[in-house]
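Computed from the coordinates by the stated procedures, all read-outs in this text should not be read as laboratory data. Since the model is a prediction, treat every value here as computed from it, not as a measurement. All Cβ positions, glycine included, derive from the backbone under ideal geometry; neighbour counts span all protein chains shown.
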Amino acid sequence: MKLAIIGLSNSGKTTVFNALTGQSLETTLYPTVSGEPNYGVVKVPDYRIDKLAEIYKPKKVTYATVEYVDYIGLTKGDAVQNRKVFDLIKDADAIVHVVRAFGDDAVSHPMNEINPLRDIETLELELVFGDLEFVEKRLERIEEAAKKGKKPNEAEKKLLLKCRDTLEKEIPLRNVSFDEEEQKLMKPLQFISTKPEVIVLDAGEGDLNTEGARNLEKEVERYFENKYKNPSPVTRHSSLSLCGKIEMEIAQLSSEEARAFLDDLGIEEPALNKLIRVSYELLGLISFLTSGEDEVRAWTITRGMSAQKAAGKIHSDIERGFIRAEVVGYDDFIASGSMSAARDKGLLRLEGKTYEVKDGDIINFRFNV
């Protein structure tokens, strides 16, 4: 899973990136317009993997991972500058949109004042305009090719016209329903306003866990509900508040120091753990687990995936030679105390190819090739 961290300049993007990855990239007081993208791979916190590792004491423990990429900020009305960012995030699975909600006179704001809702709308429109520019250029090429006698792909042209109509109304494509055939046509086009989006409100230290922060989250939700009527049954955006500065400090501490720091602040867990979970939910992802003395591991799959397809995540030979899946739910395993006890209680089941894997299933695949 790859997530692109975006936002206006000086919104706190790089601070959030540092907090997620444990890196110490320099943060600036003024907007920057150049530089190289920053990448970081993060382990997905999973208490189930921690517990299984305690039980099995395996040679190796492997968590699911998320890759984050951070780059320069987007700028209102600057198509050339923004295209650099758009080109980078095209292959991301989702975007993390960091919105500045903290006040700091030492850190300039590109629009001169703190106004989270305005900033959200500004960046959303830049994504829309980026896609609109792309659609118009592609339609122009189709028309030019038609004049030279080349027959256009009518299905693609119809899709592009539908997208143009939506984008001209300043509506992101993620807020529009597309049928299965349209989605297939859209995939190689890599539209940016289709990306599922997590809004991260980067609050000041004094605003953390306050009524004001909670009210701002509600305002953001109302903004999306009122402005973009989403006909799709799938939620394409979510939001949460955090303090990037505090989260970055936590990321630099040992686990014991971090726990003490969180307790002092009255915080149950780092907000970035929640950000990763929200990202998973937004993308419809879950984890199944494999366990043993050699390795305890989490495997990321799409919700609703069949057991045979899930087996292919481990190795194509297991998918091809799939016979049965031995499955026990994590909670049932823990309650039983061991795999043999789970089997005796009838909680360890044999499932076939079409079984829909559930989050937290502990699976052993039987196969023959």
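Some observations on this one:
- With 25 Å as the limit, the listed pairs Lys43/Lys358; Lys147/Lys195; Lys60/Lys313; Lys2/Lys274 have Lys147/Lys195 beyond it between alpha carbons.
- Extents of the chain, taken as max minus min of Cα coordinates on every principal axis and listed largest first, are 66, 63, 37 Å.
- The range 126-229 - Rg over Rh from alpha carbon coordinates, Kirkwood radius: 1.15
- Positive-pole candidate from Phe333, Ile323, Ile362, dipole of the range 304-367, charges at beta carbon: Ile323
- Counted as membrane-span-like here are DSSP H helices of the chain whose alpha-carbon atoms extend 20 Å or more along the helix's own axis and whose Kyte-Doolittle mean is -1.0 or above; these are 116-147, 154-168.
- Over the range 58-126, the hull volume per residue, using the convex hull of the C-alpha atoms, is 152 Å³.
- Under the convention that each Lys and Arg Cβ holds +1 and each Asp and Glu Cβ holds -1, the size of the dipole of the chain around its Cα centre is about 1820 debye.
- Extension gain for the segment Ile114 to Lys84, taken as residue separation times 0.36 nm less the Cα-Cα distance, is 8.3 nm to one decimal.
- Evaluated with a Cβ-only charge set (Lys, Arg +1; Asp, Glu -1), the range 304-367 carries a dipole of roughly 220 debye about its Cα centre, given to the nearest 20.
- Multiplying the residue separation of Glu144 and Asp344 by 0.36 nm and subtracting their alpha-carbon distance yields 65.0 nm.
- The average projected area of the range 304-367, computed from the convex hull of its Cα atoms over all directions, is 4.0 nm².
- For Ser338, net neighbour charge (Lys/Arg +1, Asp/Glu -1) across residues whose Cβ lies under 12 Å away: 0
- Once C-alpha pairs closer than 8 Å and six or more residues apart are averaged by separation and normalised to the residue number of the chain, the relative contact order reads 19 percent.
- Extension gain, Ser177 to Lys358: 0.36 nm times the residue separation minus the Cα-Cα distance gives 62.5 nm.
- Loop-exposed GluC sites (Glu not before Pro) per DSSP, neighbour cap 15 Cβ within 10 angstrom, longest uninterrupted part of the chain: 171-267
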